[in-house]
Amino acid sequence: MIDEVAKNELLARLYFKNNQAPKALACMEFLLNLNSMNVSYFELALKYQGIDITKPEDAEKMVAALEVYEKKFNKSSTPVRVALNRLSASSPDFKRKLLQYLRPLIIKGVPSVINDLKSFYKTEPEKTKILGSILENMSKNMNDRMTLEDDSVQDP
């Protein structure tokens, strides 16, 4: 019996070390098909595509690659979460991604959404300010118009 997960994790690392990034990426995408909630798989897939998630100059490439994964794994919020973790608060994509992440969770009434974003308000005050303003705006719009956003069409 072969452990496909361990095998593909090892193969991906070995392929990448041997300058065979396309093969490493194929292994990582196999793993993503098995578990699209694994943050490290997304981060490694980006690395194998030549995207350095620690560099602000690669932010646009990162967002574009993650949006491809969002379409492929549309039930998983992990690609959006990876973007939120890695984008700076000053990035033009940060607020858009935060709204994209929050809106379905707020509509569903997920109680752990604030705990899920705790890392922002413990370590990144700029992101906390944006999160606070979005939540305040959503609350105000719910009180005034019974919608989360000014121009949104509420889901049935």
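Summary table below
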| item | result |
| --- | --- |
| Gain on full stretching of the segment that runs from Asn115 to Thr54 - 0.36 nm per residue minus C-alpha separation | 19.5 nm |
| Euclidean distance of C-alpha centroids, the stretch 3-33 and the stretch 36-69, integer Å | 15 Å |
| Reachable lysines from Lys71, criterion Cα separation under 19 angstrom, eight or more residues apart if same chain | Lys61, Lys97 |
| Distance violations [Cα-Cα > 29 Å] among Lys23/Lys55; Lys17/Lys75; Lys55/Lys129; Lys17/Lys129; Lys108/Lys129 | Lys17/Lys75; Lys17/Lys129 |
| The chain - mean residue ellipticity at 222 nm from DSSP helices (-39,500 (n - 2.57) per run, n ≥ 4, rounded to 500) | -21500 deg cm²/dmol |
| Rel. contact order, % - alpha carbon contacts under 8 angstrom, at least six apart, the chain | 12 percent |
| Computed E for Arg13/Met146 - FRET, C-beta separation, R0 41 angstrom, nearest 0.05 | 0.20 |
| Rounded, prolate or oblate (a/c below 1.5 giving rounded, otherwise prolate when a/b exceeds b/c) for the stretch 64-156 by Cα gyration tensor | oblate |
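None of the figures in this text is laboratory data; all of them are computed from the coordinates on show. Predicted model, so just to flag it, every value in this text is computed and none were measured. When we count neighbours, we look across all protein chains shown, and the Cβ atoms used for this are built from the backbone with ideal geometry, even at glycine.
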